[in-house]
1. Collect the residues in the range 25-59 that are of a type in the set (Val, Ile, Thr) and either surrounded by 11 or more Cβ atoms within 10 Å (Cβ to Cβ) or in contact with a Cys (Cβ under 8 Å, 6 or more places away or on another chain) (or both), keeping them in residue-number order.
2. Taking the criterion of being surrounded by fewer than 16 Cβ atoms within 10 Å (Cβ to Cβ), in contact with a Gly (Cβ under 8 Å, 6 or more places away or on another chain) and either assigned to a helix (DSSP H, G or I) or at pLDDT 90 or above (or both), would at least one residue in the range 133-148 satisfy it?
3. Go over the candidates 83, 89, 101, 106 one by one and state the one that is among the small types (Gly, Ala, Ser), assigned to a helix (DSSP H, G or I), modelled with pLDDT under 70 and within 30 Å of residue 265 (Cβ to Cβ).
4. Does the range 5-16 include one or more residues that are surrounded by fewer than 10 Cβ atoms within 10 Å (Cβ to Cβ) and either assigned to a helix (DSSP H, G or I) or not small (Gly, Ala, Ser) (or both)?
5. Considering each of 166, 195, 126 in turn, give the residue that is modelled with pLDDT under 90 and either assigned to a helix (DSSP H, G or I) or open to solvent by less than 90 Å² (accessible area, probe 1.4 Å) (or both).
6. Restricting to the range 237-251, name every residue that is in contact (Cβ under 8 Å) with a residue 24 or more places away in the chain and hydroxyl-bearing (Ser, Thr, Tyr).
Amino acid sequence: QDLKSQNASLEATRALLQEGVATRLDEIRLEALVAETRAEIPRLSSDIARQENRIATLLGTVPQKLDVDLRYAGAQPYPAGVAEIGVPADLLRRRPDIRAAERNYAAAVSEVNAAEAARYPSLTLSGNISAPLEGNLSTTRGAGIGLNIPVFNQPGLAAQVDVNNSRAAQAYLQWSQLVLTSVADVETALVAVRSARQEVNAAQTSLRLNLEALELSQQLYTTDRTVTALALLDAERAVTAARSTLALATRAYAAEVIALYIALGVGFDAEQQ
């Protein structure tokens, strides 16, 4: 789009040069701007190919089989919206790392209960019954009762209870800290998304105004020459800078939306865990 606009300005300058209104310096300046813009295209094409190769590597395939075309002629991808935030309980259910920390804490509590139970006497029952074989009508029965009273190893059992209590306390702290960190991540991501969206809006306004200024500059430049070629050149550069700023802001906004989705745990299917 920039190259098309700059070529139009260059053709207008050449027409004015034929009429003796413009100067060779005006033409040279616009030719240099067109050359600068053309020089950007190979670099951008190389960046596109590099990104396609990176995506293919991440997906474990070769670029030729990658079902992603970064050279399409459509508009820049733009996030359609932000997912429903929900209540904090939804965050606890969706995030796999929080669910794993919760299960670790539950397992640590179970180990405390098992260590506590090991300190008390335990009763065991054992026995056997032998059924009669062919031609033998007799049966054999046996039973036994065992009582285990942990008396002499109580200090060791008590120490194990303390160890398991410490592990459970550590697991609880890890879980609670992860919950607080996750909530903070969501809050931070929400602020970042709002800020990025405001930046996109400002960049869109800047591009719209610069495009309007360029259109007026081109009209005044080709009609009554109240705008110089240098001013037209500045207007062209301003539009180029505004387009680049908007593209970068849109990409940053999409990245912040993705970061919010990750912080929310959106897309994780708890049923598959």
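1. 28, 34, 37, 48, 55, 57
2. So far as the range 133-148 goes, no, none of its residues is surrounded by fewer than 16 Cβ atoms within 10 Å (Cβ to Cβ), in contact with a Gly (Cβ under 8 Å, 6 or more places away or on another chain) and either assigned to a helix (DSSP H, G or I) or at pLDDT 90 or above (or both).
3. Answer to the check: 89.
4. No, the range 5-16 contains no residue that is surrounded by fewer than 10 Cβ atoms within 10 Å (Cβ to Cβ) and either assigned to a helix (DSSP H, G or I) or not small (Gly, Ala, Ser) (or both).
5. Of 166, 195, 126, the one residue that is modelled with pLDDT under 90 and either assigned to a helix (DSSP H, G or I) or open to solvent by less than 90 Å² (accessible area, probe 1.4 Å) (or both) is 126.
6. Across the range 237-251, the qualifying residues are 240, 245, 250.
To keep it simple, each residue is scored yes or no on (1) farther than 30 Å from residue 17 by Cβ; (2) of a type in the set (A, V, I, L, M).
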site: 182; (1), (2): yes, no
site: 214; (1), (2): no, yes
site: 219; (1), (2): no, no
site: 241; (1), (2): no, yes
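Conditions tested, residue by residue: (1) without any contact (Cβ under 8 Å) to a residue 60 or more places away in the chain; (2) acidic (Asp, Glu).
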position	(1), (2)
44	yes, no
47	yes, yes
51	yes, no
57	yes, no
60	yes, no
67	yes, yes
79	no, no
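The values are calculated or read from the model by the stated rules, or taken from the named source; none is laboratory data. Here the structure is a predicted model, which means the values were calculated and not measured. Note: ideal-geometry Cβ built from the backbone for every residue, glycine included; neighbour counts use all protein chains shown. The area values use the complete protein model at the heavy-atom level, side chains included, leaving out ligands, DNA and RNA. Shrake-Rupley method; radii C 1.70, N 1.55, O 1.52, S 1.80 Å.
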